[in-house]
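A short reminder: the numbers here are calculations on the coordinates, not readings from a lab. Because the structure is predicted, anything quoted here is derived from the model rather than measured.
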Amino acid sequence: MKGLDILVLLLVVIGAVNWGLIGFFQFDLVAALFGTMSAVSRVVYALVGIAGLYAISFFGRDRERDVVR
């Protein structure tokens, strides 16, 4: 796995955990850590969103080329 793919997956997991916390407990972890819609929290939200869009490309990748023979 490429380094960019690992970073993207990490950001997607962070986003998923944050949405889970919002859905189950009405607690926004990003806002709690960095402030409600502060510059830092907006950057985190933007990076998670971009990572989600990039992660869509994982569905179209050829998995057989990654298999070591």
Rounded tilt (10° steps) of 3-25 against the dominant C-alpha axis of the chain: 40
Space enclosed by the convex hull of the alpha-carbon atoms of the chain, per residue, Å³: 97
